[in-house]
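Working notes, structure below.
The values are calculated or read from the model by the stated rules, or taken from the named source; none is laboratory data. Not measured: the values here are computed from a predicted model. Note that we place each Cβ from the backbone using ideal geometry, even for glycine, and neighbour counts take in every protein chain shown. Calculation scope for accessible area: heavy atoms of the full protein, side chains included, ligands and nucleic acids excluded. Shrake-Rupley method; radii C 1.70, N 1.55, O 1.52, S 1.80 Å.
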Amino acid sequence: MNRLLICVDVDGVCANLHPVWLRRYAEITGRLVRPEDIKSWDFGGLQLDKRILFGILDEPNLYDEVKEVEDAYMGVKCLRLMGHRVVFCTSSTPAGATSKMFWLAEHGFVKGHGLNVWRDVVIVHDKSLLYGDVLVDDHVGNLETFRGKAKILFDHPHNRSLVEKGFVRLYGWHDVVNYILRLGG
């Protein structure tokens, strides 16, 4: 068995951020937007107030209500039991990073004491800077620039209109674990 370094995005892959994020947007603007309404990350045609939308990501309590993506914890646990190292690689605002990191700890994705808790968390916007064997992400642009050997697109409405080029689209954590098992696990 090959031990793989698996880079895993947080938002949309482990943390189901979109429902909470969009609900807060609706509370502020009165405009209801559902996750399935977003067909791409440029929010084409929706004419959203991006200053408000992205400002919400700075709210220190944003992750207080965020739920886990179905089977994410068990999927990560399975990968670790197979002997792989799982590192969470996520883009974040400076104000939102702490909230997101504590969410990872509270939901059992990272464990340890003191600074060791964060040894498997990387805050990075440009994922081409990552060194790893596998990237699991819901943003096609991140997969396109990743230099590892396996690129997994985690399926969501916002990425369904895009054609897979050099990566595989998977539909949940069960699929991710099975794919990595076949890959080298």
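What to note about this one:
- What the phi angles of the range 55-67 give under the Karplus curve with 6.51, -1.76 and 1.60, with θ = phi - 60°, is a coupling list of x, 4, 5, 8, 5, x, 10, 4, 7, 4, 9, 6, 8 Hz, glycine and proline written as x.
- Straight-distance candidates among the lysines for linking to K77, with alpha-carbon spacing under 28 Å and chain neighbours fewer than 8 residues away dropped: K67, K100, K111, K127, K149, K151.
- Shape call, the range 112-164: gyration tensor on alpha carbons, a/c limit 1.5: prolate
- Helix 72-81 and the longest principal axis of the Cα set of the chain meet at an angle near 20°.
- Sorting 138-150, 117-129, 171-183 by average packing, meaning the other beta carbons within 10 Å per residue, from highest down gives 138-150, 171-183, 117-129.
- Aspartates and glutamates whose Cα lies under 13 Å from that of K165, excluding same-chain neighbours fewer than 8 positions away: E144
- Take 58-67, 71-80 and order them by the average number of nearby Cβ atoms within 10 Å per residue, most first; the result is 71-80, 58-67.
- Nearest 10 degrees, 0 to 90: helix 17-29 Cα axis against the chain principal axis: 10
- Solvent-accessible area of S161 with every protein chain in place, 1.4 Å probe, in Å² to the nearest 10: 90
- Partners for K50 among aspartates and glutamates (Cα-Cα distance below 12 Å; same-chain residues under 8 apart left out): D42
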